[in-house]
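Q: Below you'll find the structure I mean.
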Number of protein chains: 2
Amino acid sequence: MSATAPHTRKEQIYRAASALFSERGYRATSVRDIARELDLQGGSLYAHISSKEDVLWEIIARVADSFFAAVRPITEAEMPAGDRLRAMIHAHVGVVVNELARAAVFFQDWRHLSEPRRSEVLALRDRYEGLFRTAIADGIASGELAQRDARLATIMVLTALNGIPGWFRADGDRTADEIADELADLILDGLGRSS
Amino acid sequence: MSATAPHTRKEQIYRAASALFSERGYRATSVRDIARELDLQGGSLYAHISSKEDVLWEIIARVADSFFAAVRPITEAEMPAGDRLRAMIHAHVGVVVNELARAAVFFQDWRHLSEPRRSEVLALRDRYEGLFRTAIADGIASGELAQRDARLATIMVLTALNGIPGWFRADGDRTADEIADELADLILDGLGRSS
DNA sequence: CCTACCGATCGGTAGG
DNA sequence: CCTACCGATCGGTAGG
């Protein structure tokens, strides 16, 4: 409902939970771990949340929204498929880097949602993959991309991009845009070879 | 000690644990879940294992060995760096696909090892990445690969490859070799583009 | 390999 | 937001 509120207790809880979930995983993080981060007693959290899983759900649902909000508009832009794909990669990497912990939780801990939320996330992920698959298929059709298997290519692209939280540390020497540029080049051109 | 023993209870435990860990994660799998899979009582497992974490360690240490055993020899072969890298990718994918559950556990659950095992795994992973980084750096030096950043390229390659357990299902319509071929092409050539 | 148990910790609640 | 508590489940052990 409220759009990215600023300093409420609830937001502090989401922030702390994102950090802990992303580092240790959802199951290895207790409600008391989160509370301790905010100098609260374990039970006190429940004045603001209704369950641990609801916190996970809120984190995941929000980043999912962020991904669609960033990438969706690009899919409707009029430009060559190759450029469109590059712009989508940029947008996607932007969300990952700017919401690093939340994105890591999304990729890592969606399994721990109970039904029907789990299936809902899977459906969202499929739709999102579809946006990329369409761009890639368009690129193949127009001859811009030389591929056989749009589905496999799509999975590879997103797998590579979603691995960012596993290695990226914001030490400030590379901006999200620079990372996105390098990754887009790697993905579009490959490692390159002479043959 | 014993080399990949066949049907001992211990091996059955490792097999069941690999399947469960890979599906639900280490923390979400109880010792009783594993026991149930073998029609045993929870406590009975401890006649064969000494702790839940030891089971995780055994799974992870073994696949780590498999990766080195498959890839290491290739790094010493005399051939152009591009061919060598392709062969390494093939070998790596072979291990992932043939030990799908164990590999998934390795990639997913190493965080849950306690020290010093956790650091040991990280050190092994660094050494292993180094094998690929060297091949890529060689390829850059010889002009076979057109890259700026060997480290980033290495991480991308392994990230893409290690994502396989996330989507690959052995429905029999693609062999490990076919997968490896397609992935190697994708990684070496990229999606391809006309510009 | 089972039965029966241990202390610790879990997510969550009541009552203030 | 705290204190104090709940039942359930956890990894692991004793004793046979």
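Just so you know, all these numbers are worked out from the coordinates, no wet-lab data involved. Everything numeric here is computed off the predicted structure, so don't read it as measured data. Ideal geometry is used to build each Cβ from the backbone, glycine not excepted, and the neighbour counts take in all protein chains shown.
Q: Treating the stretch A:74-159 as a set of equal point scatterers at the Cα positions, no solvent, please give the Debye-formula log₁₀ I(q)/I(0) at q = 0.18, 0.21, 0.25 Å⁻¹.
A: -0.85, -1.04, -1.24
Q: Of the options B:A123, B:I89, B:F168, report the single residue whose Cα projects farthest towards the positive end of the charge dipole of the protein assembly as shown (beta-carbon charges: Lys, Arg +1; Asp, Glu -1).
A: Toward the positive end, the furthest listed residue is B:A123.
Q: Shortest first and in nm with one decimal, please list how far the B:D149 label point sits from its counterparts in the other copies (point 7 Å along Cα→Cβ).
A: 2.8
Q: Mind jotting down the three principal axis lengths of chain A based on Cα atoms? Whole angstrom, largest first.
A: 62, 38, 27
Q: Mind pulling up the Rg/Rh value for the protein assembly as shown? Radius of gyration and Kirkwood radius, both on Cα.
A: Reported Rg/Rh, Kirkwood definition of Rh: 0.97.
Q: Excluding residues fewer than 8 places away in the same chain, name every one of the lysines whose C-alpha is closer than 26 Å to that of B:K52.
A: A:K52, B:K10
Q: Next question. Would you mind ranking B:E115, A:E37 by Cβ crowding within 10 Å, fewest neighbours first? The partial results should precede the final answer.
A: Working: B:E115 7, A:E37 16.
Placing the least packed residue first, the sequence is B:E115, A:E37.
Q: Starting with the fewest neighbours, write out A:V105, B:V97 ranked by other beta-carbon atoms found within 10 Å of each beta-carbon.
A: Ascending number of Cβ neighbours within 10 Å: B:V97, A:V105.
Q: Given a cut-off of under 8 Å on Cα pairs at least six residues apart, what relative contact order in percent is computed for chain B? Display every interim value, and only then the final one.
A: Values: 164 pairs, mean separation 43.9, N = 195.
23 percent.
Q: Would you mind getting me the FRET efficiency between B:D181 and A:T175? Use the beta-carbon distance for r and R0 = 41 Å, nearest 0.05. Working shown, then result.
A: On the way: r = 36 Å, r/R0 = 0.87.
Result of the calculation: an efficiency of 0.70.
Q: Now for a different question. Report the residue, chosen from B:D138, B:D171, B:D83, that carries the largest GNM mean-square fluctuation when chain B is represented by alpha-carbon nodes joined by springs under 10 Å.
A: In the Gaussian network model the winner is B:D171.
Q: Go through A:H112, A:G143, A:A69 and say which Cα lies farthest out towards the positive end of the charge dipole of the protein assembly as shown; charges sit on Cβ, +1 for Lys and Arg, -1 for Asp and Glu.
A: A:H112
Q: In sequence order, what are the phi-derived ³J(HN,Hα) couplings for the stretch B:29-38 according to the Karplus relation 6.51 cos²θ - 1.76 cosθ + 1.60 with θ = phi - 60°, rounded to whole Hz, with x for glycine and proline?
A: Coupling constants for the stretch B:29-38: 10, 8, 4, 5, 4, 5, 4, 4, 4, 10 Hz.
Q: Can you give the FRET efficiency for B:M79 and B:E120, using 1/(1 + (r/R0)^6), R0 = 22 Å, r = Cβ-Cβ distance, to the nearest 0.05? All intermediate terms of the calculation are to be shown ahead of the outcome.
A: Details: r = 32 Å, r/R0 = 1.44.
Step by step, r from the Cβ atoms, then E = 0.10.
Q: Got a sec? How would B:W110, A:W167 order by Cβ neighbour count within 10 Å, fewest to most?
A: On the way: B:W110 20, A:W167 13.
By the 10 Å Cβ count, ascending, the order reads A:W167, B:W110.
Q: Given +1 on the Cβ of Lys and Arg, -1 on the Cβ of Asp and Glu, and no further charges, what dipole in debye does the protein assembly as shown carry about its Cα centre, rounded to the nearest 20? Intermediate results must be reported in sequence, preceding the final value.
A: Numbers: 48 positive and 58 negative charges, 268 e Å.
Its charge dipole is roughly 1280 debye.
Q: Can I ask one more? I need to check one value: relative contact order of the stretch B:1-78, counting alpha carbon pairs closer than 8 Å and at least 6 residues apart, in percent. Please report the intermediate quantities before stating the final value.
A: Details: 38 pairs, mean separation 19.8, N = 78.
Once normalised by length, the contact order is 25 percent.
Q: To continue, here is another question. Counting helices only, and only those DSSP H runs with n ≥ 4, report the 222 nm mean residue ellipticity of the protein assembly as shown as the sum of -39,500 (n - 2.57) divided by its residues, in deg cm²/dmol to the nearest 500. Intermediate results must be reported in sequence, preceding the final value.
A: Working: 16 runs with 254 residues, N = 390.
Result for the protein assembly as shown: -21500 deg cm²/dmol, rounded to the nearest 500.
Q: Continuing with this model, one more query. With only Lys, Arg, Asp and Glu charged, each at its Cβ (+1 for the first two, -1 for the last two), find how big the charge dipole of chain B is about the Cα centre; round to the nearest 20 debye. Please report the intermediate quantities before stating the final value.
A: Values: 24 positive and 29 negative charges, 150 e Å.
Dipole size: approximately 720 debye.
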